[in-house]
1. So which of ALA109, ALA135 ends up being open to solvent by 50 Å² or more (accessible area, probe 1.4 Å), at pLDDT 95 or above and either out of contact with any Leu (no Cβ under 7 Å at 6 or more places or on another chain) or among the polar types (S, T, N, Q) (or both)?
2. Restricting the search to segment 27-40, which residues are closer than 20 Å to GLY73 by Cβ and either more than 14 Å from the chain's Cα centre (by Cα) or modelled with pLDDT under 95 (or both)?
3. Would you point out which residue out of ALA94, ALA119, ALA75 is within 14 Å of VAL5 (Cβ to Cβ), surrounded by 14 or more Cβ atoms within 10 Å (Cβ to Cβ) and of a type in the set (A, V, I, L, M)?
4. Out of the residues in segment 2-13 that are out of contact with any Gly (no Cβ under 9 Å at 6 or more places or on another chain) and outside any helix (DSSP H, G or I), which is surrounded by the most Cβ atoms within 10 Å (Cβ to Cβ)?
5. Out of PRO154, PRO99, report the one residue that is in contact with a helix residue (DSSP H, G or I) (Cβ under 6 Å, 6 or more places away or on another chain) and either under 19 Å from LEU37 (Cα atoms) or β-branched (Val, Ile, Thr) (or both).
6. In segment 1-45, what residues are farther than 19 Å from GLY69 by Cβ and among the hydrophobic types (A, V, I, L, M, F, W, C)?
7. Looking at segment 72-94, I want the residues that are at pLDDT below 95 and have a partner that is part of a strand (DSSP E or B) and of a type in the set (Lys, Arg) with Cβ atoms under 8 Å, at least 6 apart or on another chain. Which pairs are those?
8. Does GLU164 satisfy being of a type in the set (D, E, K, R), closer than 16 Å to LEU92 by Cα and part of a strand (DSSP E or B)?
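The values are calculated or read from the model by the stated rules, or taken from the named source; none is laboratory data. Since this is a predicted model, take the numbers as computed values, not measurements. Cβ atoms come from the backbone with ideal geometry, glycine included; neighbour counts cover every protein chain shown. The area values use the complete protein model at the heavy-atom level, side chains included, leaving out ligands, DNA and RNA. Shrake-Rupley method; radii C 1.70, N 1.55, O 1.52, S 1.80 Å.
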Amino acid sequence: MTVLVRGMTEADCAAVAGVRVAGWRFAYRGLLPEAYLAAMSPEEGASAHREQLARVGERGAHLVAERAGEVVGWAAFGPDRSPGAGPGDGELYALYVRPDVVGTGVGRALADEVAARAAALGYGRLSLWVLEGNARGRRFYAKAGFAPDGASEPWEVGGATVVEVRYAKGL
């Protein structure tokens, strides 16, 4: 089935929030506290996505992936937020797909479109942060051309501390 990747609109915010919550619950089960994952709210997330979309600016984008007119994935990128990052450094802030479409090419379509749009905006490098224990996510990003660059940092979420590792690739 064909995947259409396009710019996100305000009308997509509720669907994107649902994708994000479902994606977190699927990807982070066993890695983050279950109570934290269970308490995530798509309704609250939709409001946050509206705010993020309004602030995206000219150096980034929020994208959605559609199948048969239904939003099944979401990605967002923009300038790298790391200290010392240069103007040619971009960051993939998020990439999530509904659990029922994992492994069907939706994530790859989003990753490819993010890389193409980031390169078109003048970014020469794209980085991302992924949980160290997220083996599925790390394999996905490696297949998309990203590799660990040696950076890692702790992240406190839901009362637990986990480690994120940074992956990067040239564009």
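1. ALA135
2. Scanning segment 27-40 gives ARG29, LEU37, MET40.
3. None of the others qualify; the one that does is ALA75.
4. Looking at the filtered set, the residue picked out is MET8.
5. Values: PRO154 fails: in contact with a helix residue (DSSP H, G or I) (Cβ under 6 Å, 6 or more places away or on another chain).
Being in contact with a helix residue (DSSP H, G or I) (Cβ under 6 Å, 6 or more places away or on another chain) and either under 19 Å from LEU37 (Cα atoms) or β-branched (Val, Ile, Thr) (or both) holds for just one of PRO154, PRO99, which is PRO99.
6. Listed by number, the residues that qualify are VAL21, TRP24, PHE26, ALA27, LEU31, LEU32, ALA35, LEU37, ALA38, ALA39, MET40.
7. Cβ pairs passing all conditions: SER82/ARG166.
8. Answer is yes for this residue.
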